[in-house]
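The values are calculated or read from the model by the stated rules, or taken from the named source; none is laboratory data. Here the structure is a predicted model, which means the values were calculated and not measured. Here Cβ is always computed from backbone atoms with ideal geometry, including for glycine, and neighbour counts include all displayed protein chains.
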Amino acid sequence: MADPQLPNPVSVQDSTGPPGGPRGAADPAEPAGPKSPGSELTASGPTGSGPTASEAAGPREPQWRVASSAIGLWTVQEIIGALFLLIPAMAASLFVPDAAPGWLVVATDILPWALAAFFLGAVVVLPRYKYAVHRWEVTPDGIYTLTGWLSRTWILVPISRIQTVDVTRGPLQRMFGLATVSVRTASAQGSVEIEQLEAYTAAQVADDLSKRANLYDDDAT
């Protein structure tokens, strides 16, 4: 299934990738409109189409979704977390002595089934809900993310404050072809991570942000 990434979410010439952007179709939230191959694109799409920093500072959702394969990664993570609780609960149910108090026997018999029902719902629903909620966007002036599922967090980091940009890939991320772009500023509270991007897109975003941050440093000197 094609990942709904925006075509060329960075400032590069579209000369090497397939028409329409790297490894994916446009996200439904992306403003519609044809883009000719080889045209210059800013980090937010066609030149002049992206929101300014003042517009992005409002409580609106960023435009771009994470990679659709993030659903598979989050599903595996939920299964692993469920097993860490289900296995001890099942062991307690099997090895509780017959001489134990009645309430303990009943509790250990019910607990594995209750946990199994809870985690089944979490495995089926939570990854898809997180995919619907987690969004990101790179505007001409900053990086904008929306994360969380119980509590939602908006973060906006101006390009001018970027100090370092890193791309990291954990074991599960490598299995699903994903990566995380970590953007660090002088303040730990001002840093941001764009998680679960396709590795190709993450490399493009990191390269673009690094170049643009260097331009700000050159201007400051």
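Is there a residue being in contact (Cβ under 8 Å) with a residue 24 or more places away in the chain, within 29 Å of Gly72 (Cα to Cα) and not basic (Lys, Arg) anywhere in segment 94-111?
No, because not a single residue in segment 94-111 is in contact (Cβ under 8 Å) with a residue 24 or more places away in the chain, within 29 Å of Gly72 (Cα to Cα) and not basic (Lys, Arg).
Taking Arg161, is it more than 21 Å from Val66 (Cβ to Cβ) and modelled with pLDDT under 95?
yes
As an exercise: evaluate Ser182 against (1) assigned to a strand (DSSP E or B); (2) out of contact with any Leu (no Cβ under 8 Å at 6 or more places or on another chain); (3) in contact (Cβ under 8 Å) with a residue 24 or more places away in the chain and give the number of the one condition it does not meet.
(3)
So which residues in segment 91-105 are assigned to a helix (DSSP H, G or I) and surrounded by 11 or more Cβ atoms within 10 Å (Cβ to Cβ), if there are any at all? Write out each step before concluding.
Keep residues of segment 91-105 that are assigned to a helix (DSSP H, G or I), which gives 91-95, 102-105.
Answer for segment 91-105, where residues must be assigned to a helix (DSSP H, G or I) and surrounded by 11 or more Cβ atoms within 10 Å (Cβ to Cβ): Ala91, Ala92, Ser93, Leu104, Val105.
Only one of these conditions is not met by Glu40: (1) under 25 Å from the mean Cα position of the chain (by Cα); (2) at pLDDT below 75; (3) not β-branched (Val, Ile, Thr). Which number is it?
Looking at each condition in turn, Glu40 falls short on (1).
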